Amino acid sequence: MKLLIFLCFVAMGMAATAPAFVKLLRYEVEPPSPRGYRYFFQQSDDTIQESRAVVKNEGREDQHHEVTGFYSFIAPDTGILYVVKYTAGTDGYQATQEEGPGSLPPNIVATCLG
């Protein structure tokens, strides 16, 4: 009987920490080529990512790819939406991060509910 109770507690603990499965909702890709690439995906956990590379100064000695893109996700601990936009090129990698709307953090919800 004690073993059964112990196993029930173990099962409850494992269920509480089991990862949620994320589904791929949308996926688009333009295959990589010497001229660049593009991809986009969106998941059921509201994660979105897009990246695009294009050739700059084609045919010249300083020919290079410039990459622009973004990714966004909702932080699991706070419920806040984060969006990171980036570029990468001759000036290196440059990113900006924005905090957007999201659900209220759990501690605020708990305070409001008493």
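Checked against (1) more than 23 Å from residue 100 (Cα to Cα); (2) in contact (Cβ under 8 Å) with a residue 24 or more places away in the chain, residue 80 passes all but a single condition, namely (1).
Residue by residue, here is whether (1) in contact with a helix residue (DSSP H, G or I) (Cβ under 6 Å, 6 or more places away or on another chain); (2) surrounded by 14 or more Cβ atoms within 10 Å (Cβ to Cβ); (3) modelled with pLDDT of 85 or more holds:
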site: 40; (1), (2), (3): no, yes, yes
site: 91; (1), (2), (3): no, no, yes
site: 106; (1), (2), (3): no, no, no
site: 109; (1), (2), (3): no, no, no
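The values are calculated or read from the model by the stated rules, or taken from the named source; none is laboratory data. Source: prediction; values computed, not measured. So basically every Cβ, Gly included, is an ideal-geometry build from the backbone, and we count neighbours across all protein chains shown.
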